[in-house]
Amino acid sequence: MLDYYNKRLSEYEAIYAKPERQADLQQLVAQLQADVAHCSVLELACGTGWWTERLAPHASAWVATDADEGALEVVRHKNIRGLSATQTLNAHAPQINTPVDCVFAAHWYSHLLHNECDHFFNAVRTCLKPGGRLIMLDNKYVKGSSTPISRTDAHGNTYQTRPLKDGSTYEVLKNFPSHLQLQSAGEKYFAHCKFEDQLTMNISHYWYAVMLKA
């Protein structure tokens, strides 16, 4: 998957230009700007920094991380206001020396295997101050907008076959958890899990979740 995303760097942000997703994105950006205001934030799997650009200026400190050094180079060249640092970090099990107010992960949770979720939540807890928050958003599966699911493995993980402009194709893990699945996984490690989707925020193509560390 890392190889896929590295080769996709030049096309990475095209997904945010889809017309049917603009209203959702506008709502999410406004909500997140308020959520991270005056907070120290660790961003996981930042990619080319689409969310970093829009949110970092509202935080008190923002560290953008990714496993792909090529993606971090793109972020650095954007000269994003409010960006404190960039760092190579494995988002599967993040570890940092100084806890933060908020861990933010956009479009990352869907790339975890079901049996990796517990390890991820446990690692994130160690990155947060008491009362800190994990904020995540990711795609909902919407027929006609989402890439079709090409395979489901024996453990229920789903995959997409994704083409790149150079003609190559990659099989990419992409899970679409329900509210109950997400809450069940998160509540073992967090005191409160709030999930937003079409019913609560009127967003059709994404879900958004906030989990509070006790």
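Side notes on the structure shown:
- Peptides ranked, highest mean first, by Cβ atoms within 10 Å: ranges 132-138, 65-71, 16-22, 44-50: 44-50, 132-138, 65-71, 16-22
- The chain: C-alpha gyration tensor shape, a/c 1.5 cut-off, then a/b vs b/c: rounded
- A prolate overall shape is assigned to region 111-214, the ratio a/c of its alpha-carbon gyration tensor axes (a ≥ b ≥ c) being 1.5 or greater and a/b exceeding b/c.
- Distance distribution P(r), region 27-152, all Cα-Cα pairs, bin width 5 angstrom from 0: 2, 11, 21, 22, 21, 14, 7, 3, 0 percent.
- Hz values of 3J(HN,Hα) by residue in region 88-100 - Karplus curve (6.51, -1.76, 1.60), Gly and Pro given as x: 6, 8, 7, 6, 5, 8, x, 9, 9, 7, 10, x, 10
- Classified by the C-alpha gyration tensor, region 10-90 has an oblate form. Its axis ratio a/c, with a ≥ b ≥ c, is 1.5 or above, and a/b does not exceed b/c.
- With every protein chain in place, the chain: carbon and sulfur % of accessible area (1.4 Å): 51
- Under 14 Å from a label point set 7 Å out along the Cα-to-Cβ vector of HIS192, the amide N atoms of region 114-135 belong to 131-135.
- For the options ASP118, ASP153, ASP35, a Gaussian network treatment of the chain with springs between C-alpha atoms closer than 10 Å singles out ASP153 as fluctuating the most.
- Restricting region 37-120 to trypsin sites (Lys or Arg not before Pro) in coil, as DSSP defines it, with at most 12 other Cβ within 10 Å: ARG81
- Paramagnetic reach from THR98 in region 52-69 [backbone N under 14 Å; point 7 Å along Cα→Cβ]: 60-64
- Å² per residue, accessible surface of the chain at 1.4 Å: 47
The values are calculated or read from the model by the stated rules, or taken from the named source; none is laboratory data. Fair warning: this is a prediction, and the values are worked out from it, not measured in the lab. Note that we place each Cβ from the backbone using ideal geometry, even for glycine, and neighbour counts take in every protein chain shown. Surface accessibility is based on the protein's heavy atoms, side chains included, excluding ligands, DNA and RNA. Shrake-Rupley method; radii C 1.70, N 1.55, O 1.52, S 1.80 Å.
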